[in-house]
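Working notes for the structure below.
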Amino acid sequence: MSIPAGKLPLPELLAMKRRGDKIVMVTAYDAPGARFAEDAGIDVILVGDTAAMVVLGHGGTTPVTVDEMLFLTRTVSRQVHRPIVVGDLPFGSYETSDEDAVRTAVRFVKEGGADIVKLEGAGPMVSRARAIVEAGIPVMGHVGLTPQSATMLGGFKTQGRTAEAAQRIVDGAKELEAAGCCSLVLEAVPSPVAARVTRELSLPTIGIGAGADCDGQVLVYHDLLGLSEGHLPRFVKRYANLSAEIRDALTAYAAEVRSGAFPERQHTYAMPEEEQAAFESVSSGDGGEHDQRG
Ligand code: KIV
């Protein structure tokens with residue numbers, strides 16, 4: 001695999017952890033979002049399966065298909081130069097066997113242009129991660145709250161709140177590191193659990209609802225920009241309120257079209273005066289002799 005000039009090299013994430021430089025990751029699903037993220041100096045763009053919810057309007061992440069995710073991943077990866085692009089393997093595309101996992105991961109690299117793929121869970125998924133790494137594709141793990149298995153986890157709930165559950169998360173994280181994962185998302189776990197994983201593992205951890213001790217942070221694009229509506233998890237910080245701005249703009253546009261205030265002269269095209277005069281002096285020439293339809 002050749003690395004395009006300007007692309008943030010993957011080992012740099014590890015170097016950032018060692019230097020104590022925070023890694024910034026955000027999700028993106030389309031060309032403008034990808035360009036905005038690159039312009040803002042984001043290090044890693046995750047084309048997350050949250051697309052199912054924030055782009056496609058499903059109630060959870062499980063319905064999104066491989067083809068839908070590939071379409072979005074390709075759209076993002078062809079827009080950006082420096083950020084590392086992570087393709088999120090959707091539910092049902094890797095759990096069934098190591099072979100299926102490798103086959104799907106290869107598609108995300110070949111067809112989606114992803115630099116890394118992400119999968120959820122430890123336990124049996126450790127073998128999937130190892131198989132993908134052995135196929136030469138970098139893998140980002142994801143433990144704690146894993147939305148694809150939210151039903152099994154009893155809903156979208158904080159994970160690792162008992163000492164035993166916390167230890168299971170630490171053990172799973174260590175197994176994923178041993179399998180060759182290059183980084184790890186920690187979602188909705190108490191900060192002491194994330195701090196321990198971050199301290200005890202050499203790979204960089206990226207937190208979402210996992211406290212300030214992680215090596216980096218990730219938020220969903222629509223959540224941080226105020227494009228998501230309804231209940232938001234406690235870990236979301238809104239940096240803008242774009243829903244309100246978009247609604248206001250569309251309402252103003254509708255009102256101006258209805259009142260005739262839009263379009264104005266500067267939004268319309270003119271023709272040379274003599275051409276217009278010639279055009280207006282001739283009748284349309286149909287003479288009313290066309291066939292009557294309808
Ligand atoms: O799909 C996604 O957006 C994610 C993040 C929440 C980490 O997995």
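May I have the extent of the alpha carbons of segment 11-224 along their three principal axes, as whole Å values ordered from largest to smallest?
42, 38, 34
So, R0 is 45 Å and r is the distance between the beta-carbons of residue 243 and residue 275; what FRET efficiency does that work out to, to 0.05?
0.45
Expressed as a whole number of Å, what is the distance separating the alpha-carbon centroids of segment 15-61 and segment 82-124?
Their Cα centres are 16 Å away from one another.
State whether segment 49-120 is rounded, prolate or oblate according to the following rule on the C-alpha gyration tensor (a ≥ b ≥ c being the square roots of its eigenvalues): a/c under 1.5 gives rounded; otherwise a/b larger than b/c gives prolate, and the remaining case gives oblate.
Verdict is oblate for segment 49-120.
Pick out, from 72, 182, 105, the residue whose Cα sits farthest towards the positive end of the charge dipole of segment 50-182, with +1 on the Cβ of Lys and Arg and -1 on the Cβ of Asp and Glu.
My answer, from the dipole projection, is 72.
Taking neighbour Cβ counts within 10 Å as the exposure measure, how do 239, 221 sort from fewest upward?
In order of increasing Cβ crowding within 10 Å: 239, 221.
Please give the Cα centre distance for segment 171-188 versus segment 209-258, rounded to the nearest Å.
29
Arranged from highest to lowest average of other beta-carbon atoms within 10 Å per residue, in what order do the peptides 83-93, 246-256 appear?
Going from most to least packed, we get 83-93, 246-256.
By how many degrees, 0 to 90 and rounded to 10, does the Cα axis of helix 66-77 deviate from the longest principal axis of the chain?
It works out to around 80 degrees.
State the extension gain, in nm to one decimal, for the chain segment bounded by residue 268 and residue 18, taking 0.36 nm per residue of separation less the distance between their alpha-carbons.
84.2 nm
Kindly rank 203-215, 115-127 from highest to lowest mean number of other beta carbons found within 10 Å of each residue.
Top to bottom by mean Cβ count within 10 Å: 203-215, 115-127.
Could you give the length gained on full extension between residue 40 and residue 253, defined as 0.36 nm per residue of separation minus the Cα-Cα distance, in nm?
73.8 nm
What is the extension gain from residue 229 to residue 178, computed as 0.36 nm multiplied by their sequence separation minus the C-alpha to C-alpha distance, in nm to one decimal?
14.5 nm
Express the relative contact order of the chain as a whole percentage, based on alpha carbon pairs under 8 Å and six or more residues apart in sequence.
Taking the mean separation of contacting Cα pairs over the length of the chain, I get 14 percent.
With charges only on Cβ, +1 for K and R and -1 for D and E, what is the dipole size of segment 11-224 about its Cα centre, in debye, rounded to 20?
About 320 debye.
Near residue 22, which lysines are there with a Cα under 23 Å away, not counting those fewer than 8 places off in the same chain?
By straight Cα distance, residue 22 reaches 7, 118, 174, 237.
Read-outs: derived from the displayed coordinates by stated rules, not from any lab. The structure presented is a predicted model; accordingly, all values stated were derived computationally and were not measured. Please note: Cβ atoms are built from the backbone with ideal geometry, for glycine as well, and neighbour counts cover all protein chains shown.
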